[in-house]
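Worksheet: the structure to be examined is printed underneath.
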Amino acid sequence: MRNLVRNRLTFVVLILTLALVITGCGQQSKDTETSNDKLKIGIIQIVEHPALDAARKGFIDSLTKQGYKEGEDVVYDYQNAQGDMSTAQTIAKQFKNNQVDMILAIATPTAQAAANVTSDIPILITAVTDPKAAGLVKNLKRPGTNVTGTSDLTPVRKQLQLLKKIKPNIQNIGIIYNAGETNSVVQAKIAEKAAKDLGLNLENGTVSTTSDVLQATQTLIGKVDAFYVPTDNTVASAIEAVVKVASEEDLPLVVGEEGMVERGALATIGINYYKLGKQTGEMAVKVIKGADPAQMPIEYLKTTELIINKDAAEKMNVSIPQEILDNAKEVLNNK
């Protein structure tokens, strides 16, 4: 009798244990299934500065607005290459190994790194000046690859015209950029032609790293009447160095985008990177829903904004014409 009771208790314990194991496995399977259901997007950014950060935020906000909530419907893996191309390549390979569903590549160097690593995973690009010149697409209207997205090509000619309106007697402009960035080389060529048409001369101050920016700017002192910085990631990361020299030498500094104006440059006519990121997010959702990147034209932001920094004008001893101030979308005062 005692053995019978013991056997029955053992049987009950075994049944309960088995039930717990099955329940645990079921829950684990459910958790795995839920995790697998979430969209995985790898975000690679060449360096952190306000313009690129704004593009990233715009992208994420756009997906959220379209029903893809972070943590619920989509998981983002954000990685910063710290301005290093070898790091960018490593990050891109990591995304491929992790089998992300999509890559958002912010800026030309990281877009090139991602495209070099995979031809299968859809790559959405933003803040890339000329995707074709960068070797990312075969055609701007029909990319023909796994890459599509938005260009941040800014109105270089209008920016130089703005500089001339601010200081009509200028003749020589110092352009500071990284000759190793395809996006910057494209803009430098546009600037050279525009300057010639406007009767201006360009003096190049090229850099390789952020630590070169101050010296490159200083070497232009005495040779130029003003400074111009395009949407260059290297120089944008160290724009304070250019601002310092421009302020000390009373030379106006016009730049390619708003973030640099917020950090002390004089003015820009440029695009809004947050809006550019949002537009990229809209394209991403189309890809998520089945659109083929190879057939999706590269898109551009159609509107530009005139931004003026009055505090910078005082420091650079520049008088901004009232007409320009009246037409500005925003007049900043950092005091």
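The values are calculated or read from the model by the stated rules, or taken from the named source; none is laboratory data. What you see is a predicted model, and the numbers here were worked out from it, not measured in a lab. Heads up, the Cβs are rebuilt from the backbone with ideal geometry, glycines too, and the neighbour counts pull from every protein chain shown.
If the condition is being among the small types (Gly, Ala, Ser) and either in contact with a Gly (Cβ under 6 Å, 6 or more places away or on another chain) or surrounded by 24 or more Cβ atoms within 10 Å (Cβ to Cβ) (or both), then segment 263-280 contributes Ala265, Ala267, Gly270, Gly277. Of the numbered criteria (1) at negative phi; (2) in the same structural domain as Ile170 (by the TED database); (3) touching a residue at least 12 places away in the same chain (Cβ under 8 Å), the one Asp250 fails is (1).
Of all the criteria given as (1) more than 22 Å from Asp152 (Cβ to Cβ); (2) assigned by the TED database to the domain that holds Glu240, the one not satisfied by Lys289 is (2).
Take the residues of segment 48-67 that are in contact with a Ser or Thr (Cβ under 9 Å, 6 or more places away or on another chain) and crowded, with 19+ Cβ neighbours inside 10 Å: which is farthest from Met260 (Cα to Cα)? If you could, list the steps in order and put the result at the bottom.
In the first step, residues of segment 48-67 are kept if they are in contact with a Ser or Thr (Cβ under 9 Å, 6 or more places away or on another chain); the result is 48-49, 51-52, 55-56, 58-59, 62.
Checking the rest, the ones that are also crowded, with 19+ Cβ neighbours inside 10 Å come to 49, 51-52, 55-56, 58-59, 62.
On the way: His49: 9, Ala51: 8, Leu52: 11, Ala55: 15, Arg56: 17, Gly58: 18, Phe59: 21, Ser62: 24 Å.
Taking the candidates together, the pick is Ser62.
Working only within segment 65-85, note down all residues that are within 18 Å of the chain's Cα centre (by Cα) and without any contact (Cβ under 8 Å) to a residue 60 or more places away in the chain. Of everything in segment 65-85, those that are within 18 Å of the chain's Cα centre (by Cα) and without any contact (Cβ under 8 Å) to a residue 60 or more places away in the chain turn out to be Tyr76, Asp77, Tyr78, Gln79, Asn80, Ala81, Gln82, Asp84, Met85. Exactly one residue among Asp311, Asp292 is among the acidic types (Asp, Glu) and either free of Cβ contacts under 8 Å to residues at least 12 places away in the same chain or buried (at least 20 other Cβ atoms within 10 Å of the Cβ) (or both), and that residue is Asp292.
The single condition from (1) of a type in the set (A, V, I, L, M, F, W, C); (2) touching a Lys or Arg at 6+ places or on another chain (Cβ under 8 Å); (3) under 30 Å from Leu136 (Cα atoms); (4) not in a helix (DSSP H, G or I) that Ala294 fails is (4).
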